[in-house]
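Throughout, read-outs are computed from the coordinates displayed, never taken from laboratory work. Just so you know, these numbers come straight off a predicted model, no measurement behind them. Neighbour counts run over all protein chains shown; Cβ positions are idealised from the backbone, glycine included.
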């Protein structure tokens, strides 16, 4: 009879009814439960956190015109102030990123110069440029600081730079005159404003228009406002266009005119005068010779260029002379660009021949030696120069000085040459590897690691660690002796001396001085040798003292003393600083920059994680110079910015809510502090979703006036934590269905549950009621009979697996099977743990109607009282290929017996036929044609057995061990058992017959064994139960050795008696004693011996490779229900 059709508007379809199904759980409930664990400490409210870190207040309290904070995302299309980023400008710039902009409203182009972190344009230069009429400089529309980076928005110069317009030349003299006149006017204007450019070159001169020519100056990054001033560093200057005085840090207005002279010479000839030379060679040439003006250019230009390229900046031409030359005046006074060569003395003494040239005076030789550094080092080290001074010049004083330099053990070979050059020509600046050593050189080489020639390398790997320990020990004791290292590091005398020699080779120690301790040269910052910079090594040597003695210049000595005292103070306070950066600041010729950077650091960071640095950061009293350097040079990792502190507070609040969220989005919204941006996310979430899990997020989601952090939480929460109405219905439906312990079609269940359509459900419900008369579990049995069930209950009924139901015929079959087997039961299994595979729990369709069980290697079979087979566990073979041993053939019914091999399964139907499925690589599933009228079956590892009604035994499958070689003239049989590669048969007279593999004695049936009522076969052992309840075992594991295959499976436990059933697994055994006690022995690693509480009468046992199974009688209540 068809069920009545419920009304779509009745209570069975109301929303309340659907949402109130018992214990509805959302997917991922476990995760939600974990996330909802109470926090260890009270969570501050969103308002308290926002007020503490300075975020905007509640949405209702925010100003209506609150604007979004711009973000500096350097991608095309991103917004920057009132502009849109178009494309990057491909230019080699170490200090800034350059981008072409377009105004958001007008579309007018501009250029963004976004300085890198830590680099700021000089404020005084910007102020001076803003005062100009912009005829000679690039217009700066806007400047400021954004996200910690300084920026300028400049005018867009369509023609680009002079370098891109004219290239390297050559240009006709007439065009050069026009260019010079325009350039002179531009330089005159900035000089009148007090600005010295310091880096004039074609790439820093832009062409605003070509006809008429309009040039403007750009890139004032290293410019200066003061004449004859010293500057922090000229590492950014371009050596090819720099004036000679720039080598010593002196900068004047005429320095810019030298650069003009170099550009004019390059454009006249079409080649730069320093083409092909590296910076080192250029610097040395500038210091020693300058630039020679060729004679092959027009005479008027020779005059101009000699005036502009005069080495003495006080005699060099400036604006007045250039304008006079442009006006046609040619009687201008010129001081030659090159120094007059000295008169050669009478050749009354032998010359010193060096690099193919003869030299008669020490000064000229000094210039040449400085230009050929490596060769000069060798010749001075070998004493050639000293012998020439002694033998040819007979200058005793100079020779004595050079001998003192050669004997100075605080100098290495290169440092000795530097001192010797000063002795030869005191007018020379200090030269190091062809470079002029000045304040700027010290600052720029404070980060350049020194390559000490001939540095020895440790041959013993342990020396690498011992070198570091040796330095620490020497620094603590203040003594560099072998005895100290022997005592402190427990070394041999030879090993200690070896370490001292290695430290000497790295410049960390002085040479051996008899019994006296060696000089320590790394006491300033733990460096020295292979860990020190070139500037540090130079200052730690005696070169500063030689400069003071030979040139009466104490600049280096003061720098060395200042550095030494600063490092002593920083080390005394144990401040963690970047040694290279600290040295660069300590050696800077401009102390003011440290105080500027100090204020920036205090503005940039809120606190430090290091106690010493934090004390300096928070200190109100003025800091000493070393303390200021330490604070500026400390690694950023030790500091926390206000933004980071803000993020830490806010993210900590979000983390305490204990749900997953997009951290990147949360950080962006927190730093933005913009209600309009957050509100868009808030509204989008509410438009898309109807709720959220866990409860903390749901509570925030329901707020009508959220705090800023509340809105951030909703905006950043993972989308998977939110649900729509449809998703909620789906989640509740699946959660409820999962709790009913059913096998059901999840996809169909979701479709029907979310559709809420009785019409779509009715036909399926009617079909089930018309087909089946009984069902399990009780829920399905009740819904099958009820006239007006709930909607979700009907969904369960129509989506449940057909194995949950029985037709009238199947119910009749069940009655017959119960009469045959006596009682039905439920499945209890154990084992298959700790990395050992097992079949898992029995599926819900087994219920309490099982009459027989069988266990394969990794799968299990159960026969229900309605003659249907349930299988679960592995479906693969040992070789990894699919086998399908747990896939019961469709329409298999009327089964009265089952058996399981390693990877295949057998079923005996009531009509006497055998059905086999699973692995068949050995033919174990190839049932013979004569397998008819079968009354018993069994399955071995890879073979199958069947006993016909006429007493004939059939065997098929693997034959390698003779397990399928059935003996002739067998007596009448009553039972069969298949082992791994052997077969057992039980005769009606109680005898046991065995054949097949016997590698462990599994087929060597004990003598006089008789009265047997049951048999079982494992992988390599055999079991038999006699009529007195005693168990007999033979084969592998007879002595409980404990190593596979001997795992004690044949060592029957003492006292085992009154046994009524047995089972054999691969390497373990089971026995059922009277009183429902199950005893297990053998292999135990997979838990197959850990018999659980069974809670009922045990009807049968089965054993697989790593698991055990028991059939436990169903309770009277279950049977009756």
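So if R0 is 56 Å, what FRET efficiency would residue 1028 and residue 890 give, r being the distance between their Cβ atoms, rounded to the nearest 0.05?
0.75
Mean residue ellipticity at 222 nm from the helices of the chain, using -39,500 (n - 2.57) per DSSP H segment of n ≥ 4 over the full residue count, to the nearest 500 deg cm²/dmol?
My calculation for the chain gives -10500 deg cm²/dmol from helical runs alone.
If the label point is 7 Å along Cα→Cβ of residue 131, which residues in region 186-228 have backbone nitrogen under 20 Å from it?
186-198, 217-228
Mind ranking 372-384, 843-855 by how tightly packed they are, going by the mean number of other C-beta atoms within 10 angstrom, highest first?
843-855, 372-384
Among 768-774, 1065-1071, how do they line up from the highest to the lowest mean number of other beta-carbon atoms within 10 Å?
So the peptides 768-774, 1065-1071, ranked by packing, come out 1065-1071, 768-774.
According to a simple spin-label model (label point 7 Å from Cα along Cα-to-Cβ), what is the distance in nm between residue 143 and residue 181?
3.2 nm
Roughly how tilted is helix 675-688, in degrees to the nearest 10 and between 0 and 90, from the longest Cα axis of the chain?
Between helix and principal axis, roughly 20 degrees.
Calculate how steeply helix 253-269 sits against the longest principal axis of the alpha-carbon atoms of the chain, using the helix alpha-carbon long axis, and give the answer as 0 to 90 degrees to the nearest 10.
Taking Cα atoms only, the helix is inclined about 80 degrees.
Note the direction-averaged projected area, equal to a quarter of the hull surface, for the Cα convex hull of region 162-340, in nm².
9.8 nm²
What distance in nm separates the simple spin-label points at residue 991 and residue 87, each placed 7 Å from Cα in the Cβ direction?
According to this spin-label approximation, the distance is 10.0 nm.
How long is the gain from residue 1060 to residue 607 if the chain were fully straight, where each residue apart is worth 0.36 nm and the alpha carbon distance is subtracted?
155.2 nm
For semi-axes √(5λ) of the Cα gyration tensor in Å, the listed values are (1) 153, 76, 25; (2) 94, 45, 28; (3) 44, 36, 35; which was obtained by calculation from the structure presented?
(2)
What is the angle, in °, between the Cα long axis of helix 396-407 and the longest principal axis of the Cα atoms in the chain? Nearest 10 is fine, range 0 to 90.
It works out to around 10 degrees.
Can you grab the distance from the C-alpha centre of region 761-798 to the C-alpha centre of region 629-644, Å, no decimals?
Region 761-798 and region 629-644 have Cα centres spaced 71 Å from each other.
Which FRET efficiency value, to the nearest 0.05, is calculated for residue 811 and residue 760 with the Förster distance at 22 angstrom and r the Cβ-Cβ distance?
According to the calculation, E is roughly 0.15.
What area, in nm² and to one decimal, does the C-alpha convex hull of region 985-1121 cast on average over all directions?
Result: a mean projected hull area of 9.1 nm².
State the three equivalent ellipsoid semi-axes of region 810-1118, derived from the C-alpha gyration tensor as the square roots of 5 times its eigenvalues, in descending order and whole Å.
Equivalent ellipsoid semi-axes, largest first: 25, 23, 20 Å.
Using 7 Å Cα-to-Cβ label points, what is the residue 120/residue 335 separation (nm, one decimal)?
3.9 nm
Using alpha-carbon pairs under 8 Å, 6+ residues apart, how would you state the relative contact order of the chain in percent?
Result for the chain is 8 percent.
Once R0 is set to 22 Å, what does the formula 1/(1 + (r/R0)^6) return for the Cβ-Cβ distance between residue 472 and residue 618, expressed as a FRET efficiency to the nearest 0.05?
That gives a FRET efficiency of 0.10.
Based on a Kirkwood Rh over C-alpha pairs, give the Stokes-Einstein translational diffusion coefficient of region 352-436 at 25 °C and viscosity 0.890 mPa s in µm²/s.
The Stokes-Einstein estimate is 195 µm²/s.
Distance between the C-alpha centers of region 1048-1104 and region 813-827? Whole Å please.
Computed from Cα coordinates, the inter-centre distance equals 23 Å.
So for each of 202-214, 902-914 I average, over its residues, the number of other beta carbons within 10 Å; can you give me the resulting order with the highest mean first?
902-914, 202-214
Between region 143-208 and region 684-731, how far is it from one alpha carbon centroid to the other, in angstrom?
Result: 58 Å between the Cα centres.
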